[in-house]
Structures are given as structure tokens and as C-alpha cells.
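The values are calculated or read from the model by the stated rules, or taken from the named source; none is laboratory data. Predicted model, so just to flag it, every value in this text is computed and none were measured. Please note: Cβ atoms are built from the backbone with ideal geometry, for glycine as well, and neighbour counts cover all protein chains shown. Each accessible area value is taken on the protein alone, full model and side chains, heavy atoms only, with ligands, DNA and RNA left out. Shrake-Rupley method; radii C 1.70, N 1.55, O 1.52, S 1.80 Å.
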Amino acid sequence: MRIPRLNKKQIDGMRRAGASAARTLHAACDLVAPGVTTQQIDDLVAAHTASEGGTCAQYLYEVDDQVFPAHVCTSVNEVVCHGIPGPRILRDGDIVNIDVTTNLDGWHGDTSRTVVVGKPTPEAAHVVQVASRALQVGIDAVRPGLRFNVIGEAIEAFVTSQGCTVVREFGGHGIGRRMHQAPHVHHHKMMLPQPVLEVGMCFTIEPMVCLGGRRIRMLDDGWTVITADGKLTAQAEHTVLVTADGAEILTRA
Ligand code: MF3
Ligand code: CO
Ligand code: CO
């Protein structure tokens, strides 16, 4: 459960991977419009990542004997995370989270955004904005010497103040040579002390925000996670590096 602290050269690798993932996510978000399928997003992410000289870390990724069959996660409306791209056509007013993880020269960049398709409903605009602001609130809480607890505390307090809830079953994660490594980064208040934030640590923050309750359900495909009440949910994710005075976002567009 050791959390690596990267040296200058390793940080350089993470900066490149993060920047590359951010460019791919930007291109994918640009494609979104009514009539576009989530499969088209997958095709674009596969091609764009290759053009960057990277690979899609999520493709054929395995968790508990389940193999993820696509290059990107596309999570529409009530889908919390890990939506599988396919023939689904995006409609005016839908929201879709696009989650890109790039492996570039052995280093990983992991980033996601939720975008509105066409004209947003007020509910859609709200949940998307709360998710994106919750991510920034979490990033702003990072400071070396404090514990990881401050991140979840800040996020949960903010999300609750906006009349939304935050999912607890999934969190951020350490990232580096592997897409997922220690520690688990909680997005809600934890009673037990979490590790201390130290300069050179890299991890993701990726709050999943729900308009209704925070309860979730997994579909039979073994990947797709949805809200139990079927209400809208949005997510935003950055890969960050702990610096002397806070956090550097490695996946800024
Ligand atoms: N990018 C996702 C994350 O933020 C990882 C999804 S794993 C997959 O951690 F297999 F579903 F792609
Ligand atoms: Co992640
Ligand atoms: Co991700």
C-alpha cells in the first residue's frame, strides 16, 4: 500500500501522459452532438490516442474476471460510470460523461468530463456544473502535510450544499505506472485517518454526483453502474500531482 513519490523525470512522464489524455478528451467532447453514437466516441478516442503515440489503458482492462470491451467509458444520463460505448444515439438534452485513460510511454493520464448534448435542461446543467465544481473543490483542498481525508470532506460538504449527493462505492485512485494503484481516494468524509499527502504523489479525483439519492446498481453486463432511482448523475476527473503549495493538474486541457 506504499504510495510512490515521483522524481523529476517520472513527473515529466506523467505530465506528458496527462496532457495527451486531456487532448484526446477534448477531441472526444468536441464530437458530441445530437445524432452521434457512443460508438463514434469510442472510435475517435481509439484513433486519437493512437495518433498521440499512446494506448487506451481501459481497453481489455480486467477487474474480477470482467474484461472492459472498449477504449473509453461513455456514461449517459443515469449511468454513474463505466458505461460501454455502443449503438446508443445521443439525443438533445442528454448528458454524457467521457472518461479517457491514456498510457503514454508507460505512464498514465486519466481524465473525464460530462458534457450536455444540444440544449441542456436546468437539471442537467445543474448536476454537470456541481460535478465539475466538486472536482475543483477537491483539488483546492490538496496540500502536502494534510491527510487525504480533506479531499472527501471538502467535496461532500460542497455537493451536499448544492442539494446533490456523492457516490461512495467508487473513488479516485493513485496513478502512475499503473492506471489504478494505491491509495483509494474517497469523495466523502472518512472517519478513519487516510494517508498523508506528500509532494510527488499522483492520484485522481473523480467525484460522481447524483441529482437524487447516492444509491447505485450494477447492470448485468458487469460494468455499467446506474443510479438506483434512475435520476441524472455526472462526473468530472483530473489526474493531479501534489506540489509544495497544493496540486498541479496534469490533465488540464
Ligand atoms: N477511467 C476509469 C477511472 O477513472 C477506469 C475505468 S476502468 C474500465 O478509474 F475498465 F471501466 F474502463
Ligand atoms: Co480514474
Ligand atoms: Co477515469
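Just a few scattered comments:
- FRET efficiency for the pair Ser161 and Ala125, taken as 1/(1 + (r/R0)^6) with r the Cβ-Cβ distance and R0 = 22 Å, rounds to 0.80.
- Inter-part distance, region 30-57 to region 186-253, computed on C-alpha centroids, equals 23 Å.
- Averaged per residue, the chain has 44 square angstrom of accessible surface, using a 1.4 angstrom probe with ligands and nucleic acids left out.
- Considering only alpha-carbon pairs that sit under 8 angstrom and 6 or more positions apart, the relative contact order computed for region 8-249 is 21 percent.
- Relative contact order [Cα under 8 Å, 6+ residues apart], region 114-159, whole percent: 33
- Apportionment of accessible area to carbon and sulfur, the chain, percent (1.4 Å): 52
- Rounded FRET efficiency, nearest 0.05, which uses the C-beta distance separating Met1 from Asp43 and R0 of 41 Å: 0.60
- Amide hydrogen neighbours beyond the local backbone of Asp94, cut-off 5 Å, H modeled: Val117
- With K and R counted +1 and D and E -1, the other residues having a Cβ less than 12 Å from that of Gly86 yield a net charge of -2.
- R0 of 22 Å, Cβ-Cβ distance Glu169-Asp229: FRET efficiency to nearest 0.05: 0.90
- In this label model, Met191 and Leu31 are separated by 4.6 nm, measuring between points 7 Å along each Cα→Cβ vector.
- Other residues with beta-carbon under 12 Å from the beta-carbon of Gln10 carry, at +1 per Lys or Arg and -1 per Asp or Glu, a net charge of +4.
- Prolate/oblate/rounded label for the chain (Cα gyration tensor, a/c 1.5): oblate
- Computed magnitude of the charge dipole of region 8-249 (debye, nearest 20; Cβ of K, R +1, Cβ of D, E -1): 460
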